[in-house]
There are 2 protein chains.
Amino acid sequence: MKRLSEMTQSELISFRDAAAKEYEACKAKNLKLDMSRGKPGTEQLNLSNEMLSLPKDGNFVIDGIDVRNYGNLDGIPSCRAMFADILGVKKEEVFAAGSASLNLMYDVIAKAYTHGLLHSDTPWSKLDKVKFLCPAPGYDRHFTICESFGMEMITIPLNDDGPDMDLVEKYVKDAAVKGIWCVPKYSNPDGVIYSDATVARIANLKPAAKDFVIMWDNAYCVHEFDGPFVPFKDILTECRNAGSPDMVYEFASTSKITFPGAGVACFACSEANMAYMKTLLNAETISYDKMNQYRHVLFLRDRAGTLAHMQKHAAIMKPKFDAVLAALDTKIAPLGIATWRRPKGGYFISLYTMDGCAKRTHQLMKEAGVVMTGAGATYPYGKDPKDSNLRIAPSLPPIEELRAASDVLCTCLKLAAAEKLLG
Amino acid sequence: MKRLSEMTQSELISFRDAAAKEYEACKAKNLKLDMSRGKPGTEQLNLSNEMLSLPKDGNFVIDGIDVRNYGNLDGIPSCRAMFADILGVKKEEVFAAGSASLNLMYDVIAKAYTHGLLHSDTPWSKLDKVKFLCPAPGYDRHFTICESFGMEMITIPLNDDGPDMDLVEKYVKDAAVKGIWCVPKYSNPDGVIYSDATVARIANLKPAAKDFVIMWDNAYCVHEFDGPFVPFKDILTECRNAGSPDMVYEFASTSKITFPGAGVACFACSEANMAYMKTLLNAETISYDKMNQYRHVLFLRDRAGTLAHMQKHAAIMKPKFDAVLAALDTKIAPLGIATWRRPKGGYFISLYTMDGCAKRTHQLMKEAGVVMTGAGATYPYGKDPKDSNLRIAPSLPPIEELRAASDVLCTCLKLAAAEKLLG
């Protein structure tokens, strides 16, 4: 195969016509496939079914607490200890809550707006302008929170070792810049792991805003599917050592360990932040679902138990990622019309089409019956400046469907690229 | 026995000395009893244990939805339908969420502050003053939400048929008055059921604030423990008929049907409010715990199933309420030093001491090892103008402990009253 950039005009026309024919054949299959969201597949969900009938012994008391009743706003101690072990933080730094870490992230931002954070002079709702740093490509739901509160989002390019820290360090000199979103391990969607140097630079930020907050969404902290668990710096310790212990909130959940629809989420922060946030959260709820926390403790136990469980996910996930990559490697790489990363964990493959081809590729796929995350969704305001990034989520479809969807993807990439080059 | 008000000075002194001796005897028992919060007792929790191993058949799909996975922000349709049946509203008007209705109430107020409600001109955080009507005695956690947001609370006396509506109708003429808290059935703590006339007047309010909100906390909607289910007006229909369909949010939960620590909560509102609130909630979370919603649907099914289950609670609750009332009837009524209501549902007995005796009674009980809700907690800012109301929560202690605690209560009431009368 020849690279498209090296083709003559007539070669390109033949190429496009062949791709168009291929595409019509795809459409004729009347597919209905979904690669849009990072949802675990049924096989993965089944891995945790036995948790649902725990406890087996009819005992509902743990840590001296009847988990069925009210109380213990910050969760049962055993569950806090489990997350502390997983994240490498202290038990006292963990708040175990309900099923959604997104809810906790929203809560921290919402409380910044209504009450202010620990070091705020004033609630953010009283400020004329609040800016937030958004490494991108990134997680669309982080950006949705910013938009919901009317923040001004500043796009920060994401490199192989994390956010462009030169830019971050420049922007935090502006006191209106109040925080940054980070998915530090297997970033959504690029699967990048922040380097130790990047983590150190983040922890050592000296923002003009004294209530600047690092929103450390460690969603994929134990989510390797290729190779062993990768140890990772604990951001709370890093910030403490840098003299800014209260600058970070870390988030995690079991959504992709047990069940997205019935997991346990937590946040971790300094004990000063914890005391402050608990005072605010005490007005919001009496306690979160401790029964579910208890089930998780019985099922996962600790980091070792969780990592053992994650190997079962890995065995299901790796072939799916391999299937997508194999299609791209075979059909697209020789043409030079797209690039992609090869993550060893997380939930996504981040694909970069030729500039100006992401939306068209997405549209072609949709018309062929394959749903993908919207082109642009990985950027603030849904606007990808190069119209290049597409997020592929291989986890949900069964592998045969995924192969079919990958074939459609390759066909659409070819057609979109040829169309673009032919103007 | 003679009424204390009819005693001579020397009779009073003898009475006080006898009460003081009785009190010392109480203290000598080194009791550790808790009548402070409306927590179900262990026997009640056990009523729902079998729900925890549902489903038995390994089927996790209901309404075409795998409850273990992400999705369905507003809950599974079957769970929405169950709550709709219980509350007498339409399925489309119900949003089924996580375990805590308090969280949903907080959320509505928080969103009023950060984004405004459907008919708000501006988010409440931009206003100089927000006032809220607080029928009292009332639920301390409602007042805590108001305090957390810095609202000015206006106390509305609670009568036998609900809030003093003359006052309510007067206050809503002030555009700074943005809402009212209501616990319409078995009010916390008085156990009052709002009359149909009161409900009609509430629904027909014409507040100056067009984003005025009725916070209808129907916490005890099916919580009769003495006699059959009492049918109750559906506030959504009442408001719709009055031409103000968007003026109310209703809240309910299974906290005191199944488990306080692992129930399902919901809110109900007009479809216009629902569409608005879902747009805001979509930024906050992907979905709530649908697995737990599913368990509840399998266990409770509908209103009939729920009412049948509530009869089991009633069989446990009634003897506990009777025990407290028997002590008060025998030992306190003849003395004329306190009054109380005799609720047929809900979780509390509301006790009115002689003016100026609630705090002292509470203190005496505490020193004798019996924890009660703080005196004053049932009023905005924790300030009971008459220092008279005490909230008794009989559900948690086993009945023998409850009898012991009731005896201590009677002794403390006598001692506090005698001290007061003797100056």
### Query
Out of region B:80-107, which residues are of a type in the set (Phe, Trp, Tyr) and part of a helix (DSSP H, G or I)?
B:83, B:106
#### Entry: Candidate set from region B:94-106 (those that are more than 8 Å from chain A (Cβ to nearest Cβ) and either of a type in the set (D, E, K, R) or touching a helix residue (DSSP H, G or I) at 6+ places or on another chain (Cβ under 8 Å) (or both)); member that is nearest to residue B:150 (Cα to Cα)
B:105
### Task
Scan B:125, B:120, B:99 and give me the residue that is touching an Asp or Glu at 6+ places or on another chain (Cβ under 8 Å) and under 25 Å from residue B:172 (Cβ atoms).
B:120
### Message
Just to be sure I understand the filter: pairs with C-beta atoms under 7 Å, separated by 6 or more residues or on different chains, first member in region A:206-225 and more than 24 Å from residue A:192 (Cα to Cα), second member assigned to a loop (DSSP other than H, G, I, E, B) and of a type in the set (D, E, K, R). Which pairs pass?
### Response
A:208/A:173; A:208/A:174
### Message
Of the conditions (1) away from chain A (no Cβ under 14 Å); (2) crowded, with 23+ Cβ neighbours inside 10 Å; (3) of a type in the set (Gly, Ala, Ser), residue B:28 satisfies every one except a single condition; which number is it?
### Response
(2)
### Message
Considering only residues that are within 13 Å of chain B (Cβ to nearest Cβ) and buried (at least 24 other Cβ atoms within 10 Å of the Cβ), which ones fall in region A:292-303?
### Response
A:292, A:293, A:294, A:295, A:296
### Message
Looking only at region B:69-89, count every residue that is of a type outside the set (S, T, N, Q) and away from every other protein chain (no Cβ under 14 Å) and tell me the total.
### Response
11
### Query
Taking residue B:258, is it in contact with a Ser or Thr (Cβ under 7 Å, 6 or more places away or on another chain), within 14 Å of chain A (Cβ to nearest Cβ), polar (S, T, N, Q) and in a loop (DSSP other than H, G, I, E, B)?
yes
#### Entry: Pair list, Cβ under 7 Å, 6 or more apart: region A:74-101 residue within 17 Å of residue A:233 (Cβ to Cβ), other residue hydroxyl-bearing (Ser, Thr, Tyr) and assigned to a loop (DSSP other than H, G, I, E, B)
A:93/A:270
### Output for region B:79-118, where each listed residue is acidic (Asp, Glu) and closer than 16 Å to residue B:280 by Cβ
B:107
### Members of region A:31-50 found to be modelled with pLDDT of 95 or more, more than 10 Å from chain B (Cβ to nearest Cβ) and either part of a loop (DSSP other than H, G, I, E, B) or crowded, with 17+ Cβ neighbours inside 10 Å (or both), listed by number
A:47
### Query
Is it the case that region B:320-330 has a residue that's more than 24 Å from the chain's Cα centre (by Cα) and part of a loop (DSSP other than H, G, I, E, B)?
no
### Task
Quickly run through region A:370-403 and pick out the residues that are assigned to a loop (DSSP other than H, G, I, E, B) and among the aromatic types (Phe, Trp, Tyr).
A:379
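Residues are listed down the side, and each one gets a yes or a no for (1) at pLDDT below 95; (2) buried (at least 22 other Cβ atoms within 10 Å of the Cβ); (3) on the phi < 0 side of the Ramachandran plot:
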residue: B:323; (1), (2), (3): no, no, yes
residue: B:326; (1), (2), (3): no, no, yes
residue: B:334; (1), (2), (3): no, no, yes
residue: B:372; (1), (2), (3): yes, yes, yes
residue: B:401; (1), (2), (3): yes, no, yes
### Query
What tally of residues in region B:141-194 results from selecting those that are charged (D, E, K, R), crowded, with 21+ Cβ neighbours inside 10 Å and either under 21 Å from residue B:113 (Cα atoms) or within 14 Å of another protein chain (Cβ to nearest Cβ) (or both)?
1
### Task
Select, from A:222, A:199, A:230, the only residue that is closer than 17 Å to residue A:135 by Cβ and aliphatic (A, V, I, L, M).
A:199
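Given the options B:87, B:118, B:104, name the one that is farther than 24 Å from residue B:262 by Cβ and modelled with pLDDT of 95 or more.
On the way: B:87 fails: farther than 24 Å from residue B:262 by Cβ; B:104 fails: farther than 24 Å from residue B:262 by Cβ.
When all the criteria are applied, what remains is B:118.
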### Task
Considering every residue within region A:351-364, establish whether at least one is modelled with pLDDT of 95 or more and under 27 Å from residue A:222 (Cα atoms).
yes
### Message
Within region A:414-421, does at least one residue satisfy the condition of being touching a helix residue (DSSP H, G or I) at 6+ places or on another chain (Cβ under 6 Å), farther than 18 Å from residue A:343 by Cβ, basic (Lys, Arg) and not in a loop (DSSP other than H, G, I, E, B)?
### Response
yes
### Enumeration of residues in region B:224-242 that are crowded, with 22+ Cβ neighbours inside 10 Å and under 19 Å from residue B:349 (Cα atoms)
B:224, B:225
### Message
Given the condition in contact (Cβ under 8 Å) with a residue 24 or more places away in the chain, within 9 Å of another protein chain (Cβ to nearest Cβ) and either within 30 Å of residue B:243 (Cα to Cα) or out of contact with any His (no Cβ under 7 Å at 6 or more places or on another chain) (or both), answer yes or no: does some residue in region B:272-281 qualify?
### Response
yes
### Message
Report every pair of residues separated by at least 6 positions or lying on different chains whose Cβ atoms are under 7 Å apart, first residue within region B:319-335 and under 22 Å from residue B:15 (Cα atoms), second among the acidic types (Asp, Glu) and assigned to a helix (DSSP H, G or I).
### Response
B:327/B:407
### Task
Return only the number of the condition from (1) hydrophobic (A, V, I, L, M, F, W, C); (2) buried (at least 19 other Cβ atoms within 10 Å of the Cβ); (3) in contact with a Ser or Thr (Cβ under 9 Å, 6 or more places away or on another chain) that residue B:421 does not satisfy.
(2)
### Message
Go through (1) more than 9 Å from chain B (Cβ to nearest Cβ); (2) in contact (Cβ under 8 Å) with a residue 24 or more places away in the chain for residue A:57 and report which single condition fails.
### Response
(2)
#### Entry: Total residues in region B:275-301, condition among the acidic types (Asp, Glu) and within 20 Å of residue B:261 (Cα to Cα)
1
### Query
If we keep just the residues of region B:108-122 that are touching a residue at least 40 places away in the same chain (Cβ under 8 Å) and in a loop (DSSP other than H, G, I, E, B), which is nearest to the other protein chains (Cβ to nearest Cβ)?
B:115
### Query
Do we have residue A:125 as touching a residue at least 40 places away in the same chain (Cβ under 8 Å) and more than 25 Å from the chain's Cα centre (by Cα) here?
no
### Task
Being aromatic (Phe, Trp, Tyr) and away from every other protein chain (no Cβ under 14 Å) is the filter here, so list the residues in region A:240-255 that pass it.
A:249
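Yes or no, residue by residue, for (1) under 20 Å from residue B:206 (Cα atoms); (2) in contact with a helix residue (DSSP H, G or I) (Cβ under 7 Å, 6 or more places away or on another chain):
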position	(1), (2)
B:137	no, no
B:140	no, no
B:144	no, no
B:152	no, no
B:162	yes, yes
B:174	yes, no
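The values are calculated or read from the model by the stated rules, or taken from the named source; none is laboratory data. The structure displayed is predicted, hence computed values, not measured ones. In this analysis, Cβ positions are derived from the backbone assuming ideal geometry, glycine residues included, and neighbour counts consider all displayed protein chains.
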